[in-house]
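Values quoted throughout were computed directly from the atomic coordinates according to the rules given, and no laboratory measurement underlies them. Everything numeric in this text was worked out from a predicted model, so none of it was measured. Positions of Cβ are generated from backbone atoms using ideal geometry, with glycine treated the same way; all protein chains shown enter the neighbour counts.
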């Protein structure tokens, strides 16, 4: 799985560089998220701009990251969601769980006052 | 004329084929002759249910055993799409229980949304024994 990971002062942005996030590759995203938590990075932004398809496994990995961030007093935000991907969040009502931003810049801006 | 298509596929029990099978479902939607069908939406839905159902078979019925295989048939009969996924594995009772009571998607569980998604996108979903195998049948009617 291709991931682009960039650390900013207030959060780490993980950009998924794959058209599909499914049961085949989502365990790799889970590992990458856990590595950030292990490195004491509690605020993560997952950029889904390149993702055109997500299944329940992909959703499950994001829920797992969301819960993990919360237990570390951090946040896991989502951004740049394509309409088809957003429709899956709406179908499973997970759009009410996550904070979803139009761009990674907006997500980063929302965390600018976060004290690390 | 009544549109009739039948596609038979057999792939190894591995997740690397999820994208291929999903794409075949998506492409099938794009070939439908009926002009009123939203092919983009239908294609995405078929991609989704095929991915979810196949992953379910790989991990549960076939217990991630790469020596097993999965048989899939995709049929179009008039305004109905019929998908059948065959397995020779275990977990028949558990699969039927999950079909009867899909999870509430509001909760923060990390698993269990697959069946809910399939049921939401298809008109009919059944899982039964047939000729010594198990078959998950999903039907969608389009207009």
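Being buried (at least 16 other Cβ atoms within 10 Å of the Cβ), facing chain A (nearest Cβ under 7 Å) and assigned to a loop (DSSP other than H, G, I, E, B) is the filter here, so list the residues in the range B:107-125 that pass it. B:110 - this is the single residue of the range B:107-125 that is buried (at least 16 other Cβ atoms within 10 Å of the Cβ), facing chain A (nearest Cβ under 7 Å) and assigned to a loop (DSSP other than H, G, I, E, B).
Going through (1) within 17 Å of residue B:48 (Cα to Cα); (2) surrounded by fewer than 18 Cβ atoms within 10 Å (Cβ to Cβ) one by one, residue A:57 falls short only on (2). Within the set A:4, A:73, A:49, A:43, the sole residue that is more than 10 Å from every other protein chain (Cβ to nearest Cβ) and more than 13 Å from the chain's Cα centre (by Cα) turns out to be A:73. Assess whether residue A:78 counts as being away from every other protein chain (no Cβ under 14 Å) and either over 21 Å from residue A:2 (Cα atoms) or crowded, with 20+ Cβ neighbours inside 10 Å (or both). Spelling it out, residue A:78 is indeed away from every other protein chain (no Cβ under 14 Å) and either over 21 Å from residue A:2 (Cα atoms) or crowded, with 20+ Cβ neighbours inside 10 Å (or both).
Flag not set for residue A:34, criterion: more than 14 Å from chain B (Cβ to nearest Cβ), touching a residue at least 24 places away in the same chain (Cβ under 8 Å) and either surrounded by fewer than 23 Cβ atoms within 10 Å (Cβ to Cβ) or assigned to a helix (DSSP H, G or I) (or both).
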